[in-house]
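Q: Below is a structure I'd like to ask you about.
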Amino acid sequence: MFWDEKTETLPKRDLEELQLKRLKKTVAQVQNVEFYRRLLGEAHVRPEDIRTLADIEKIPFTRKQDLRDGYPFGFFAVPIHEVVRIHTTSGTTGKPTVVGYTRNDLQTWADLIARNMTMVGLTDRDIFQNMVNYGMFTGGLGFHYGAEKIGMTVIPSATGNTRRQIEMIQDFGVTAIHCTPSYAMHLAEVAEETGACLDSLTTGLFGAEPWSDAMRAELEKKLGVTAFDSYGLSELFGPGVAFECPERDGLHIWHDCYLVEIIDPLTGETLGDGERGELVVTPLVKEAMPLLRYRTGDITMRFEDECLCGRAKKIARITGRSDDMLVIRGINVFPSQIEHVLLRIPEVGNHFMVYVDRVNHLDEMTIDVEINRDYFSGELQDLARIQKKVVKELRDTLELRTTVKLVEPGSLPRFEGKAKRVIDRRGEM
Amino acid sequence: MKENKFVIKQISVFSENKPGRLAAIARALQEEKINIMAFSIAEADGFGVVRALVDKPKKAHEKLGKLGFNVAFTDVIAVQMKDEPGGLYETARILGEGQINIEYAYAYSGKEAAVLILRVDNVEAAIAAIQRGGGTLIESSLFQ
C-alpha cells in the first residue's frame with residue numbers, strides 16, 4: 001500500500017530532478033546559518049556551484065560535534081518564533097543536541113511516518129499502541145502524529161509498567177505496536193509468564209536500536225506479529241527516515257526527502273552501491289534546521305537492485321557505528337558524556353570502564369569508577385552516598401539508569417593510545 | 001583531654017569486593033610485622049571497607065597507602081564485656097540510655113573477657129556514658 005504513490009515511485013530521472021531542485025534550495029537556506037556560511041566560504045563553495053547532484057561532494061561534512069558547538073539554536077535557519085517544537089538527543093558531551101521544527105517540518109515528518117506505516121499495511125482501522133518515550137525523544141511524538149494522520153486509533157502509552165501495557169493491548173484490541181525490539185521481547189516474556197493472550201496484535205514496528213533477523217523470528221513467534229525495522233535519527237526529524245517494506249529486505253529511505261551518500265568513514269571517500277560504509281545524509285525538505293552532508297555514524301550500504309515494491313533503492317539495515325556511540329535500551333550514549341559527568345564529581349576519579357550486558361533481554365550498563373583518595377572517610381555510608389550521587393548524575397545526563405561500581409584508586413586501566421573504555425558483552429541479539 | 005586514652009585508631013581500608021583483596025591487605029600487614037587485634041569487613045554494593053584494630057596503626061596506614069590502598073583512620077572505643085549471657089546487653093543498655101547511637105560494632109572473645117569495638121556517633125559522650133554506667137573501657141595503649 002502507498003500513502004503517496006506518485007512520490008514514492010518517482011521514476012529515476014524525475015526523482016533526481018526533484019532532488020537537485022531541493023538540494024539547491026537547501027544550500028540557499030543554510031546561508032541563514034553562520035556555521036554554514038563559514039563552512040562553505042572556507043571551502044569556496046557558492047550556492048551557484050551546485051549544478052548537479054554530484055556537486056554535493058564539494059561540500060564538507062557536518063558532524064555531530066558541530067551541532068554541539070552550535071548549542072542551543074546555532075543551526076536554526078529560521079527565526080525562533082517560526083520554530084514550533086524542539087526535541088533533543090544525546091550530545092557527544094555535556095549538552096544535548098537540539099533539533100527544531102517549523103509547522104511545515106512537523107507536517108512533513110508526520111507525512112513520512114504515514115508513508116512508512118501505510119507501506120507495512122496499517123490503515124485507519126488499526127489500533128496503535130506507541131510504547132516509547134514521549135518526552136524529548138523523537139520516537140514518541142513522531143510516531144504519534146504520523147499514526148493520527150493516517151487516522152489510526154492511537155494509544156500514547158509511552159514507556160514502563162509492562163503489565164499495564166499488556167492490559168491495554170488486550171482491553172483495547174491493539175493491532176499494532178511500536179517500541180524498541182528489546183522492550184518487545186521483555187513484553188513478550190511478561191505476557192508469557194502471566195499467561196496473557198496478545199492475539200489481537202498483527203504488526204510490530206521496532207526501532208531505535210539495532211536488532212538481528214534471529215531476534216525478528218523470535219519476536220514474531222512470541223508476539224504473533226509481522227515485525228518491521230524502523231530507522232531514523234533526531235537530526236533528520238526522528239524516526240521515519242527509512243523503513244522496511246513488506247519484502248523486509250533492507251530499508252526504504254525516502255529519497256525525495258533525504259539525499260543519501262555512503263562514505264568510507266576513515267577517508268571520507270564516496271563509496272558505490274554494494275559497498276559498506278557510513279551513511280551520510282543531506283535532508284532536502286527541512287526548514288528549521290537544514291543540514292548538509294550530515295554524518296550519521298551509522299554503518300550500512302546502498303543496495304544495487306531496485307525493490308519489488310516499486311519504491312527506489314534501499315539501504316541495508318544498520319549493522320554498526322563508525323564512532324563509539326552505544327545504544328542502551330534505545331537511548332544513545334556516548335562514552336564522552338560519561339566522562340563529562342564524572343569530571344563534575346570530585347569524589348570520584350575521571351577514569352572509568354563501561355560494561356554493557358543484556359539481562360532478560362534488556363540492556364544493562366555498569367560503570368566502574370575509581371573513588372578519589374581524598375574523599376575516603378573510612379565510612380561505608382559515605383561511599384554508598386558517593387555511589388548514589390554518581391548514579392543520579394549519570395541518570396540526569398544520560399536519562400538512563402545505570403549501575404555504578406566504586407573501585408580502588410589506580411585500579412582501572414590507563415590508556416596511552418586510543419582508550420578502550422567500553423566492553424560490550426551483549427553479543428548478537 | 002583525659003578521655004582520649006580510650007579513643008582507639010581503627011584503620012579503615014576501601015576495598016573492592018573481589019577475590020584476593022583481603023589477602024593483599026593481610027600480607028602487607030604481615031610484611032611490616034603488624035598484628036591485627038580485631039577486624040571486620042563491611043560490604044556494600046560491589047565494594048567494602050575492611051576495618052581493623054592493629055598494634056601499629058600509623059605504620060599500617062603508611063604501608064597500605066604506599067601500596068595504593070585508600071586508608072583512613074576512624075576513632076572507635078573498646079568496651080570489655082563479661083563473656084557470659086547478658087554481657088552484651090549491659091553495654092548496649094548503657095549506650096541506649098545515654099542516647100548514644102552505635103553506627104557499627106564488632107566483637108571478639110579473648111582469653112580474659114569479651115571485647116566490643118564500637119563506632120558511635122559521639123565518642124566523648126559514649127566514653128562518659130560508659131564510665132558513668134559502670135562499664136569498663138579498654139585504653140588504646142593496650143592495643144597500640
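Where a number appears in this text, it was derived from the coordinates with a stated rule and is not lab data. Small disclaimer: the values here were computed from a predicted structure and weren't measured. With ideal geometry, Cβ positions are generated from the backbone for all residues, glycine too; neighbour counts draw on all protein chains shown.
Q: Would you report the distance distribution of C-alpha pairs in the range B:1-97 as whole percents per 5 angstrom bin, up to the bin with the largest distance?
A: 2, 11, 20, 19, 17, 12, 11, 6, 1
Q: In addition: Quick one: putting +1 on the C-beta of Lys and Arg, -1 on the C-beta of Asp and Glu, what dipole do you get for chain B around its Cα centre, in Debye to the nearest 20?
A: So the dipole magnitude of chain B works out to roughly 540 debye.
Q: Moving on to the next point. Here are some pairs, A:95/A:392; B:9/B:63; B:33/B:66; A:64/A:389; A:25/A:286; which of them have Cα atoms lying more than 19 Å apart in this structure?
A: Result: A:64/A:389 exceed 19 Å.
Q: For residue A:334, list long-range residues whose amide hydrogen, built 1.01 Å from N in the peptide plane, is under 5 Å from its own amide hydrogen.
A: A:326
Q: Tell me, what HN-Hα J-couplings in whole Hz come from the Karplus equation 6.51 cos²θ - 1.76 cosθ + 1.60 at θ = phi - 60° for each residue of the range B:115-120, using x for Gly and Pro?
A: Rounded to whole hertz, the list is 10, 10, 9, 10, 10, 10.
Q: Using the Kirkwood radius built from alpha carbon pairs, what does the Stokes-Einstein equation give as D for the range B:76-142 at 25 °C and 0.890 mPa s, in µm² per second?
A: 209 µm²/s
Q: For a protection proxy built on the mean count of beta-carbon atoms within 10 angstrom, sort A:117-130, A:73-86 highest first, please.
A: Order by mean packing, descending: A:117-130, A:73-86.
Q: Hey, got the average number of other protein chain Cβ atoms within 10 angstrom for residues in B:6-15?
A: 2
Q: Moving on. Of all the C-alpha pairs in the range A:249-324, what % are more than 15 Å from each other?
A: Numbers: 1537 of 2850 pairs.
The proportion of pairs with Cα distances above 15 Å equals 54 percent.
Q: Taking other Cβ within 10 Å of each residue's Cβ, how do A:230, B:40, A:90, B:109 sort, fewest first?
A: Details: A:230 26, B:40 17, A:90 23, B:109 10.
Listing A:230, B:40, A:90, B:109 from fewest to most nearby Cβ atoms yields B:109, B:40, A:90, A:230.
Q: Quick one: Karplus J couplings for the range A:91-99, per residue in order, coefficients 6.51, -1.76, 1.60, θ = phi - 60°, nearest Hz, x for Gly and Pro?
A: x, 7, 9, x, 8, x, 8, 9, 10
Q: Who wins for biggest fluctuation among B:41, B:11, B:127 in a Gaussian network model of chain B, springs between alpha carbons below 10 Å?
A: Fluctuation is largest for B:41.
Q: Partner chain Cβ atoms within 10 Å, averaged over the residues of A:401-407 - can you pull that number for me?
A: If you average over the peptide's residues, the count of other-chain Cβ atoms is 3.
Q: How many nm separate the modelled label positions at residue A:249 and residue A:63, each set 7 Å beyond the Cα in the direction of the Cβ?
A: 3.8 nm
Q: Quick one: what are the phi-derived ³J(HN,Hα) couplings along the range A:101-109, Karplus 6.51/-1.76/1.60 with θ = phi - 60°, whole Hz, x for glycine and proline?
A: 9, 7, 4, 5, 4, 5, 5, 4, 5
Q: Another question, if that's okay. Which FRET efficiency, nearest 0.05, do residue A:359 and residue A:124 yield, Cβ-Cβ r, R0 45 Å?
A: Working from the Cβ atoms, E equals 0.70.
Q: Continuing with this model, one more query. Most mobile of B:133, B:110, B:48 per a Gaussian network model of chain B (Cα springs, under 10 Å)?
A: Highest fluctuation of the listed residues: B:110.
Q: Within 10 Å of each candidate Cβ there may be at most 15 other Cβ atoms; applying that plus a DSSP loop requirement, which GluC sites (Glu not before Pro) in the range B:26-62 survive?
A: On the way: sites: B:31, B:32, B:43, B:62; in loops: B:32.
Counting only loop positions with at most 15 other Cβ atoms within 10 Å, the GluC sites (Glu not before Pro) in the range B:26-62 are B:32.
Q: With every atom except the alpha carbons ignored, what do you get for Rg and Dmax of the protein assembly as shown, in angstroms?
A: When restricted to the Cα atoms of the protein assembly as shown, Rg and Dmax are 31.4, 101 Å.
Q: Kirkwood hydrodynamic radius, computed over distinct alpha-carbon pairs, for the range A:1-323: how many Å, to one decimal?
A: 20.3 Å
Q: Could you give the distance between the Cα centres of the range A:343-420 and the range B:93-144, to the whole Å?
A: 36 Å
Q: What percentages make up the Cα-Cα pair-distance distribution of the range A:328-424 when the bins are 5 Å wide from 0?
A: Here the calculated profile for the range A:328-424 is 2, 13, 25, 26, 18, 11, 4, 1.
Q: What's the angle, to the nearest 10 degrees (0 to 90), between helix B:21-31's Cα axis and the longest principal axis of chain B?
A: Tilt relative to chain B: about 90 degrees.
Q: Can you pull the one-decimal nm distance between simple spin-label points at residue A:53 and residue A:2, each 7 Å off the Cα toward Cβ?
A: Label-label distance for residue A:53 and residue A:2, simple model: 1.8 nm.
Q: Give the order of A:260, B:79 when sorted by the count of other beta carbons within 10 angstrom, beginning with the fewest. Write down the numbers at each step before the final one.
A: Details: A:260 19, B:79 27.
The fewest-first ordering by Cβ neighbours comes to A:260, B:79.
Q: Give the average, rounded to an integer, of partner chain Cβ atoms located within 10 angstrom of each Cβ in A:373-383.
A: Partner Cβ neighbours, averaged per residue: 6.
Q: Now, a different point. Quick one: A:148, A:16, fewest Cβ neighbours within 10 Å first, how do they rank?
A: If I rank by nearby Cβ atoms, fewest first, I get A:16, A:148.
Q: Any chance you could check the Cα centroid distance between the range A:94-114 and the range A:143-162 for me, in angstrom?
A: Using only Cα atoms to place each centre, the spacing works out to 17 Å.
Q: Between B:51, B:119, B:21, find the one with the highest GNM mean-square fluctuation for chain B; connect C-alpha pairs within less than 10 Å.
A: B:21
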